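**Student:** Below is a structure I'd like to ask you about.
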Amino acid sequence: MAIAAGDFDGDGKDTIVVYAPDWGSGTFIKEYTVTNGEITEKQAIIPDVLSKLGNSGCKSKQDLKNQPMVSLVAEDTDKDGFDELVVTAGMNDVTTDDTHLGSRLFVYDKLTDNTWNKTYENELKVSEGNDRIVWASSTVGNMVASTGTGVDYPEILSAGFVDNDKGKNI
């Protein structure tokens, strides 16, 4: 499970975003709102996390090894006054396939029609080679000082375990 809260639509109230692993109902990331003390389930932002990672056909989706590890961060990454949803997800150690993707980074924007749009996606790999990164998570912060040339955008920082044995050492 993972949870984040952010003002994705600029209404001054945070929306709750939750990732839930597949225990019979599918892997999903959904949004929830709170109005007058009542929690309302909204649409699925990512209705099938496994398909985004290239593993929607895993044999036993209820095997712990076949559940994506997901982290969620809400932050205004593009300085437009609205939070974006930063999602880091990875399969780590699928029991039926060593050739799957490692961790991936996604950024989603909530549009004015209340739909979600993926604005960024990147497979996390070591810069010097093709070794995949697993068990990754991300955060957002302002780690590079502005040079005075414009808007001081925050950076997305991701970290994880380097899997140089392609799943055999996990």
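**Student:** Pick out the one residue from 82, 106 that is open to solvent by less than 40 Å² (accessible area, probe 1.4 Å), modelled with pLDDT of 70 or more and among the aromatic types (Phe, Trp, Tyr).
**Tutor:** Working: 82 fails: open to solvent by less than 40 Å² (accessible area, probe 1.4 Å).
Of the residues listed, the single one that is open to solvent by less than 40 Å² (accessible area, probe 1.4 Å), modelled with pLDDT of 70 or more and among the aromatic types (Phe, Trp, Tyr) is 106.
**Student:** Quick check, is residue 144 modelled with pLDDT under 75 and either in a strand (DSSP E or B) or of a type in the set (Val, Ile, Thr) (or both)?
**Tutor:** Working: modelled with pLDDT under 75: no; either in a strand (DSSP E or B) or of a type in the set (Val, Ile, Thr) (or both): yes.
No: the conditions fail for residue 144.
**Student:** Let me ask something else about it. Can you say whether residue 152 is modelled with pLDDT of 70 or more and surrounded by 12 or more Cβ atoms within 10 Å (Cβ to Cβ), as far as the supplied structure shows?
**Tutor:** yes
**Student:** Evaluate region 115-128: report whether one residue or more is open to solvent by 30 Å² or more (accessible area, probe 1.4 Å), small (Gly, Ala, Ser) and either at pLDDT 90 or above or not in a strand (DSSP E or B) (or both). Show your work before the answer.
**Tutor:** Step one: of region 115-128, the residues open to solvent by 30 Å² or more (accessible area, probe 1.4 Å) are 115-123, 125-128.
Next cut, small (Gly, Ala, Ser) only: 127.
Subsequent filtering for residues that are either at pLDDT 90 or above or not in a strand (DSSP E or B) (or both) retains 127.
Scanning region 115-128 turns up at least one residue that is open to solvent by 30 Å² or more (accessible area, probe 1.4 Å), small (Gly, Ala, Ser) and either at pLDDT 90 or above or not in a strand (DSSP E or B) (or both).
**Student:** If we keep just the residues of region 30-46 that are farther than 17 Å from residue 7 by Cβ and modelled with pLDDT under 85, which is least open to solvent (accessible area, probe 1.4 Å)?
**Tutor:** For region 30-46, the residue satisfying everything is 46.
The values are calculated or read from the model by the stated rules, or taken from the named source; none is laboratory data. Because the structure is predicted, anything quoted here is derived from the model rather than measured. No Cβ is skipped: glycine too gets one built from the backbone with ideal geometry, and neighbour counts run over all protein chains shown. Protein only, heavy atoms only, side chains kept; ligands, DNA and RNA dropped before computing areas. Shrake-Rupley method; radii C 1.70, N 1.55, O 1.52, S 1.80 Å.
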